[in-house]
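The values are calculated or read from the model by the stated rules, or taken from the named source; none is laboratory data. It should be emphasised that the depicted structure is a prediction, and the values quoted were computed from it without experimental measurement. Virtual Cβ from ideal backbone geometry, glycine too; neighbours counted across all protein chains shown.
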Amino acid sequence: MTYRAKVYVTLKEGVLDPQGNAVRQGLNSLGHSVQDVRVGRFIVLTLEAEDEASAKAQVEEMCRRLLANPVIEDYTFDTPEEV
């Protein structure tokens, strides 16, 4: 079966976010009163798996091994949905 999962990767609290700072400064220069911006990644995966549990295990492994750097990033993902 084919599944789709949405993965969110963000920097851990306390890790400097220069890209977020640049976005915050840009928004403030446009007249928006923004206190803080954190920039992350949004990844949509389409994968083959036998069932939802297998799809979830595959996504977890992908995140741990490649998609997120566990030293400086956290990740979450929605339960894979059959497509």
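Out of segment 48-63, which residues are in a helix (DSSP H, G or I) and not polar (S, T, N, Q)?
Hits for segment 48-63 are GLU52, ALA53, ALA55, LYS56, ALA57, VAL59, GLU60, GLU61, MET62, CYS63.
Remark: pairs (first residue in segment 16-37, under 20 Å from ASP74 (Cβ atoms); second residue charged (D, E, K, R) and surrounded by 12 or more Cβ atoms within 10 Å (Cβ to Cβ); Cβ separation under 6 Å; 6+ apart in sequence or on different chains) = ASP17/ARG38; GLY20/ARG38; VAL37/ARG24. Annotation: of all residues in segment 39-83 being of a type in the set (Val, Ile, Thr), under 25 Å from ALA22 (Cα atoms) and surrounded by 14 or more Cβ atoms within 10 Å (Cβ to Cβ), the one that is nearest to the chain's Cα centre (by Cα) is ILE43. Residue count for segment 15-47 under the criterion of being farther than 12 Å from VAL59 by Cβ and either at pLDDT below 95 or in a strand (DSSP E or B) (or both): the result is 2.
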